[in-house]
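Input: a single structure, listed below in structure tokens.
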Amino acid sequence: MRKLKNKETAHVHYYVDQSIVSKSTEIIFNLFFAIKFKKMLFKLKNIKDTNEELIRLRIHRKDLYDFQKQILNKKEFQSFRANKLKKTRLFHFIKKSLLQGYINSNKYTYPKTLFIINVIKQFSLKLGIKNNTIVLEKMAWDNCLRSYSQELELHLKFHRKSLLDIDLKQILLMLSVKHRQLFIFIRDLVHLRTIFKEKSSLKEKIYIEGRGNISLDKKGSLSDFFILENSKIDPSSIVYKLYNKEHKEKLKNIGIHLISKRTQFYQLPLNEDYGQIKVENNFKGMDKLEITYNCDKYYSEKSYWYSFFRHHNVKIHLTWYDNNASHMAIADAMKACGGVSSIWQTSFYGTKNFECQTNTDIMFLFSQVDSEINRAAGSRNSYNIITGLNSIDNIEVLKPRANKIRNRLLSNGAKNIVCVLDENSSNDERWHSGHQLQRENYSYIIDAMLNNPFLGVVFKPKKVNTLRKRLGPVNDLLIKAEKTGRCYVFENSGIHVSNTPVVLGAMVSDVVIHGHLSAGTAAIESAMLGKPTLLVDREGSPFSKLYNLPKNNVIFKSWEEAIYALLHYFQGEMRNEEFGNWSGFMNSLDPFNDKKGTIRISSYLKNLYDFISEGVDRDSSMEL
């Protein structure tokens, strides 16, 4: 049980979550000792600091870095830092792995634990409770957690897990990472159900680790195969994990090499096994367990990916996912195979973010601003390659579709059209901004549309598959809006998220509104088209680079303010030229501004692939 104890009214204990044991004993404590238990009720979107910054954002921007610094300054870490491992990806893998994780994770990650401590501080202030004690299950780096709590004037205690609370899955995982062949065998079992027969190939391959967007229609939809468009890369050189039968024939017909991620085991070369040095010898207790586990995990992941790359003759690895440390083990596995690992940026950073630390060979980035933020975040890539935005190069092919949708709305009475961009949401508002915040992205503008017959609306959701369910009662309002003929929802989706390009919605509209400044990538894509684009910062991200944009013309604090300004813009006698205007800011976001970002990435990879295929070593290939 995680609980907040009020020593002034000791018969009341507040808890965040209950374990199996505490649930079963709550009645007994209440009955025999008159001790009451109450669940703490809070919403993530309301937990802000004195700067009006959402603490969930601040934790990844600042707190985790401060916490990590405390760990690295511990005397046990000094010899680890002093030896030759300090400059390796293993060291960076361990540094990131120690504190990685999500606030909305089911497990109590360090980001979630730091968040809970902040919640309890604000909860205490609200109730006027002093001298509080927080009780947490025993974790590594307990002294650092105590120090963090003391800064917030909270006392921290730890207790051991009961037998009923032991996570068997985690124990099995910790055991499996110690034995690389077993780890690979278990991963192969996960991919045992194959729906095709894999074929080996002598040809060097590029492995794309995509987002499940299987689009090959060349109609402008977002696609994991964007490097094939406008490039000379041969589809037969691409390796891709097949997600379902539906796409099998479509991908096979163009020659893409389909796999299930199963592999044979290959022993790592001895010179790649520098981790045999026992880096955890100076640590004790759970600190030692944490270091040992992450060191073992690095080698198990590296061993799996080395085997995978050898098995499929992969020489270039391309991914988008940077939120955990796995890409570092992948990069070292690729290096051991004589190949190159790369990541393409999908989201504008805005501020440094602990989740987005990278250590790979090639990092494709939008701009110098993103490169500087990437380095400030603690990233150590061999090359940062600036390409410009890589998702706005499909405008010409999208024009007919955009015109068709726009004309449909205009024919039903709309004179001015606004495009609204949203984000995903989760049921539990304690760990996520919640459905209500997303419902506001629909309800406010729909009310304005229904009350103003000249207004049309298009919605470009991020997570389409669950949208209607998450909207709840607001979906009835959306259906009502759609029946007017002045409202349109882009409902095409890939396996995980929408595969509709943001620029399609922007092309249909006169003004674009993104309901989240803290996730402003889609707004940047719209502004790149020259569309007036607004940001509604309801969460609180005052340290984002986007706050250099003008307030009350681009940045608004609420939907009410944004809609008031929007209607005034459409109905005013003179158009405000500063409304939604990003012109003074665009060069810092994309120095090229020529809508050729994907062409730069694909041509770079094509040249790299050709050099490696011709026998040029990986380091020389990258330098060339």
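For Leu567, the conditions (1) under 20 Å from Lys463 (Cβ atoms); (2) at pLDDT 95 or above; (3) open to solvent by 10 Å² or more (accessible area, probe 1.4 Å) all hold with the exception of (1).
Out of Leu365, Leu389, Leu421, Leu398, one residue alone is without any contact (Cβ under 8 Å) to a residue 40 or more places away in the chain and either out of contact with any Phe, Trp or Tyr (no Cβ under 9 Å at 6 or more places or on another chain) or closer than 27 Å to His496 by Cβ (or both). It is Leu365. For the range 232-253, give me each residue that is open to solvent by 20 Å² or more (accessible area, probe 1.4 Å), within 19 Å of Arg211 (Cβ to Cβ) and not in a helix (DSSP H, G or I). Lys241, Tyr243, Asn244 - these are the residues of the range 232-253 that are open to solvent by 20 Å² or more (accessible area, probe 1.4 Å), within 19 Å of Arg211 (Cβ to Cβ) and not in a helix (DSSP H, G or I).
Those helices (runs of 4 or more DSSP H) of the range 101-219 in which 3 or more residues are open to solvent by 20 Å² or more (accessible area, probe 1.4 Å) and at pLDDT 90 or above occupy 142-151. Candidates are the residues of the range 493-520 that are part of a loop (DSSP other than H, G, I, E, B) and open to solvent by 10 Å² or more (accessible area, probe 1.4 Å); the one that is farthest from Glu577 (Cα to Cα) is Ile495. Only one entry in Gln70, Gln78 is more than 18 Å from the chain's Cα centre (by Cα) and either of a type in the set (Lys, Arg) or at pLDDT 90 or above (or both), namely Gln70.
A search for C-beta distances below 8 Å between a residue of the range 132-151 that is closer than 15 Å to Lys288 by Cα and any residue that is in a helix (DSSP H, G or I) and among the charged types (D, E, K, R), counting only pairs 6+ apart in sequence or on different chains, returns Ala140/Asp287; Ala140/Glu290; Trp141/Asp287; Trp141/Glu290.
Going through (1) part of a loop (DSSP other than H, G, I, E, B); (2) touching a Phe, Trp or Tyr at 6+ places or on another chain (Cβ under 6 Å); (3) buried (at least 19 other Cβ atoms within 10 Å of the Cβ) one by one, Phe348 falls short only on (2). One residue is enough: does the range 395-413 have a residue meeting the conditions assigned to a loop (DSSP other than H, G, I, E, B) and in contact with a helix residue (DSSP H, G or I) (Cβ under 9 Å, 6 or more places away or on another chain)? The answer is no; no qualifying residue exists. Evaluated against (1) under 18 Å from the mean Cα position of the chain (by Cα); (2) surrounded by 19 or more Cβ atoms within 10 Å (Cβ to Cβ); (3) on the phi > 0 side of the Ramachandran plot, Asn374 falls short on exactly one condition, (3). Of the set (1) closer than 24 Å to Asn394 by Cα; (2) modelled with pLDDT under 95; (3) part of a loop (DSSP other than H, G, I, E, B); (4) in contact with a helix residue (DSSP H, G or I) (Cβ under 8 Å, 6 or more places away or on another chain), all apply to Asp594 but (4).
Per-residue answers, yes or no, for (1) more than 25 Å from Tyr604 (Cα to Cα); (2) buried (at least 21 other Cβ atoms within 10 Å of the Cβ); (3) free of Cβ contacts under 8 Å to residues at least 12 places away in the same chain:
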residue: Leu268; (1), (2), (3): yes, no, no
residue: Asn271; (1), (2), (3): yes, no, yes
residue: Glu290; (1), (2), (3): yes, no, no
residue: Tyr298; (1), (2), (3): yes, yes, no
residue: Glu301; (1), (2), (3): yes, yes, no
residue: Val314; (1), (2), (3): no, yes, no
residue: Ala329; (1), (2), (3): no, yes, no
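The values are calculated or read from the model by the stated rules, or taken from the named source; none is laboratory data. These numbers were taken from a predicted model, which means no experiment stands behind them. Counting neighbours? That spans all protein chains shown, and the Cβs are built from the backbone with ideal geometry, glycine included. With ligands, DNA and RNA removed, areas are computed over all heavy atoms of the protein, side chains included. Shrake-Rupley method; radii C 1.70, N 1.55, O 1.52, S 1.80 Å.
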